[in-house]
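The structure appears right after this line, and notes come after that.
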Amino acid sequence: MTNETALFLLRLAGSAALLLFLGTLFYTLLQDVRGATAQIEAARRSYGRLVLLEEIDAVPGSSGKFYPLMPLTSIGRSPTNSIRIEDTFASAEHALIALRSGTWWLEDRQSRNGTSLNDMPVTEPLIITDGDVVGIGSHKFRIELEP
Amino acid sequence: MPARAISTRLPFEQQTHAVERRLLILAGLFLTINTISLSVLRGSLSDWIHLLVWIGCAVTAHVLLNWRLPGRDPILLPLAMFVAGWGLLVISRLFPAFADRQTVWLIVATLILLIVGWLRDLLRVMRAFRYTLLFGGLAVLVMTILLGVNPGDPTGVLGAPTLWIDLGSFYVQPSEALKIILVVFLASYLAEQYPALRAEELDAPRRRFSLSPRIFGPILLMWTISVVILVWQRDLGTAILFFLVFLTLLYVASGYTPLLLSGALLVIGAGLLAYQLFDVVRLRIDIWWNPWLDADGRAYQIVQSLMAFAAGGVLGQGIGQGAPLSIPVAHSDFAFAALAEEWGLIGVIVIVGVQAVFAVRGLRIAISQRSKPFQTLLAVGLSSMIAVQTLLIMGGVLKLIPLTGVTLPFLSYGGSSLVVSFAITGLLLRLSHGESS
């Protein structure tokens, strides 16, 4: 093999190495973007919602107002709550819905007028499921969990 | 017990280290192939010492950083080492006599990178002593104006820019160190003003930005530094670099778009004024507008550079087989043209891609630190320093914009430039690791 051939082959190999480096670099970036996207998707994942109920002729129905359900959803009059309600019968920090090891729990935060679950007073943290109705002050919310 | 240290490492960290190792190995493969070509061509093995030193630096940096900064960004170090190794190839191909010196600088640069990555309190200390740093930097700048020399023209007969200080056996270029100092100073100053800047944003209809001294102060400072560098040192590249990076920082800190527009107008206005006042600026703009009028005279360098790009083709002439030596000072400002001739379009695409990815990673680090204004602004400033400098010299060499004499980061010959680029990489690695205030 003459020097010219060897140099030509080395030149091809060098170009291939360059493209390999660039390809690996872009592949790494792609993986990185995918990882970041997956992370954002996970953070944005929806758990379900609270539907505000309205009584029409004493029959509760959806008012068309929804609140997102988060792993820690606090409800009350104070603006620091995840769901702020204007209700003179509600306490500033009234109730808390929390996701604990795969189960949703409802607890009353020593509110003056109490919290109800399906019209039964909540005295200790209770497990709630899809379709339960939570009563806070004069407001009622239906829990809609996403599978 | 090293085996134990590996087993206690988190899985995502091991993955990160594997990514860095893979990229370093591929970079080493490319350098090895080209070193083989060079020794076939020259019939001597003298260039292998540079490759061995490069491998030593890469392995040391990788292993020590795995230990000290396990959660760092895995891409920055391979990119820096890859371009620096390529730079060594370009220099040993062009001027074998300079390559040994540049190899020593590579060792120094790797040490600086490791030291910057090593010191946990570095960011805090830099932030606390920012005024001391700034005045130290400015003092050195003044010293360069008074005592500066040009290594190619020690007696000053040719009237070449005197940007270097003679330290006996070697020369240093203080404006390179000033790059980091200014970014640190501005980042910490703007981080301090951050709440006020952002509060004014909320008050949008009544904002009086340009008149507020907290904005006007640093603008005046940077403008003065840029003008001083331009007038006394005739260093057009550094002047415009400082101003553009400062503008980016101010924009990121305030989120106020008209700043960019007015800054661009200011740069164009300053350019027009400088065209009238300074011969060096007029020359640069004239030969950018039409180099062919004086292709054998004042525009010789830029015309040779364009010819080098044309001669490169797709695959390039191959290392040592082109004629990049016909470009004057090909090893420093025009290293990009020498690279284009011998590695062709593929080489150009790779180097542009690599520098772009470097900047993008820097901005990504800034985003990941966005709850901490100082860290964010520091990452933005450092990475835009590299990016703007790359754009200025690549555009200049390709005759897309008037030529401004700055080095191509990591690639060009020059110890100060290499050390500062590696120090920037070290700082970005430290920022990407997350902890420290």
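The values are calculated or read from the model by the stated rules, or taken from the named source; none is laboratory data. Please read all numbers here as calculations on a predicted model, not as lab measurements. So basically every Cβ, Gly included, is an ideal-geometry build from the backbone, and we count neighbours across all protein chains shown.
One table, with the values for the structure above:
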quantity: Selection from the stretch B:403-437 of residues that are part of a loop (DSSP other than H, G, I, E, B) and surrounded by fewer than 22 Cβ atoms within 10 Å (Cβ to Cβ); calculated: B:404, B:405, B:434, B:435, B:436, B:437
quantity: Residue count, the stretch A:1-19 (criterion: at the interface with chain B (Cβ under 7 Å from one of its Cβ atoms) and farther than 16 Å from residue B:344 by Cα); calculated: 2
quantity: Residue tally, condition within 12 Å of residue A:97 (Cβ to Cβ), without any contact (Cβ under 8 Å) to a residue 40 or more places away in the chain and surrounded by 17 or more Cβ atoms within 10 Å (Cβ to Cβ), over the stretch A:120-147; calculated: 4
quantity: Residue check for residue B:381: more than 16 Å from residue B:82 (Cα to Cα), surrounded by 21 or more Cβ atoms within 10 Å (Cβ to Cβ), within 14 Å of another protein chain (Cβ to nearest Cβ) and among the small types (Gly, Ala, Ser); calculated: no
quantity: Residues being among the polar types (S, T, N, Q) and either modelled with pLDDT under 65 or exposed (fewer than 15 other Cβ atoms within 10 Å of the Cβ) (or both) - total across the stretch B:217-233; calculated: 1
quantity: Condition check for residue B:162: closer than 23 Å to residue B:407 by Cα, at pLDDT 75 or above, surrounded by 17 or more Cβ atoms within 10 Å (Cβ to Cβ) and hydroxyl-bearing (Ser, Thr, Tyr); calculated: no
quantity: From B:177, B:196, residue being under 25 Å from residue B:68 (Cβ atoms), of a type in the set (Gly, Ala, Ser), in a helix (DSSP H, G or I) and at pLDDT below 85; calculated: B:177
quantity: Residue check for residue B:22: among the charged types (D, E, K, R) and more than 9 Å from every other protein chain (Cβ to nearest Cβ); calculated: no
quantity: Residue check for residue A:108: more than 18 Å from residue A:52 (Cβ to Cβ) and either surrounded by 13 or more Cβ atoms within 10 Å (Cβ to Cβ) or of a type in the set (Ser, Thr, Tyr) (or both); calculated: yes
quantity: Helices (runs of 4 or more DSSP H) fully within the stretch B:24-128 counting 2 or more residues that are within 20 Å of residue B:331 (Cα to Cα); calculated: B:48-68, B:76-94, B:96-118
quantity: Where residue A:43 falls short, out of the listed (1) more than 26 Å from residue A:130 (Cβ to Cβ); (2) part of a helix (DSSP H, G or I); calculated: (1)
quantity: Residues satisfying the stated conditions in the stretch B:384-400, i.e. within 21 Å of residue B:181 (Cα to Cα), of a type in the set (Gly, Ala, Ser) and without any contact (Cβ under 8 Å) to a residue 60 or more places away in the chain; calculated: B:387
quantity: Conditions (1) away from chain B (no Cβ under 14 Å); (2) surrounded by 15 or more Cβ atoms within 10 Å (Cβ to Cβ): number failed by residue A:57; calculated: (2)
quantity: Single match in B:214, B:298, B:282 (criterion: at negative phi, modelled with pLDDT of 85 or more and not β-branched (Val, Ile, Thr)); calculated: B:282
quantity: Given (1) surrounded by fewer than 16 Cβ atoms within 10 Å (Cβ to Cβ); (2) hydrophobic (A, V, I, L, M, F, W, C); (3) within 14 Å of another protein chain (Cβ to nearest Cβ); (4) in contact with a Ser or Thr (Cβ under 8 Å, 6 or more places away or on another chain), index of the condition residue A:72 fails; calculated: (3)
quantity: Members of the stretch B:45-68 that are out of contact with any Pro (no Cβ under 9 Å at 6 or more places or on another chain) and either within 14 Å of chain A (Cβ to nearest Cβ) or surrounded by 20 or more Cβ atoms within 10 Å (Cβ to Cβ) (or both); calculated: B:50, B:51, B:54, B:57, B:61, B:65
quantity: Residues located in the stretch B:350-369, provided they are more than 14 Å from every other protein chain (Cβ to nearest Cβ) and either small (Gly, Ala, Ser) or without any contact (Cβ under 8 Å) to a residue 60 or more places away in the chain (or both); calculated: B:366
quantity: Search result, residues across the stretch B:285-295 that are in a helix (DSSP H, G or I) and either at pLDDT 85 or above or not acidic (Asp, Glu) (or both); calculated: B:285, B:286, B:287, B:288, B:289, B:291, B:292, B:293
quantity: Lone qualifier among B:297, B:237 - being surrounded by 14 or more Cβ atoms within 10 Å (Cβ to Cβ) and of a type in the set (Gly, Ala, Ser); calculated: B:237
quantity: Residue match in the stretch B:266-275 (condition: touching a Pro at 6+ places or on another chain (Cβ under 8 Å), away from every other protein chain (no Cβ under 13 Å) and hydrophobic (A, V, I, L, M, F, W, C)); calculated: no
quantity: The stretch B:109-132, residues that are at pLDDT 90 or above and surrounded by 15 or more Cβ atoms within 10 Å (Cβ to Cβ); calculated: B:109, B:110, B:111, B:112, B:113, B:114, B:116
quantity: Filter result for the condition that a residue is in contact (Cβ under 8 Å) with a residue 12 or more places away in the chain, assigned to a helix (DSSP H, G or I) and on the phi > 0 side of the Ramachandran plot, over B:344, B:381, B:316; calculated: B:344
quantity: Hits in the stretch B:327-341 (condition: assigned to a helix (DSSP H, G or I) and either under 27 Å from residue B:382 (Cα atoms) or at the interface with chain A (Cβ under 9 Å from one of its Cβ atoms) (or both)); calculated: B:335, B:336, B:337, B:338, B:339, B:340
quantity: Selected residue (only one of A:30, A:19, A:10 is surrounded by fewer than 11 Cβ atoms within 10 Å (Cβ to Cβ), assigned to a helix (DSSP H, G or I), aliphatic (A, V, I, L, M) and at pLDDT 90 or above); calculated: A:30
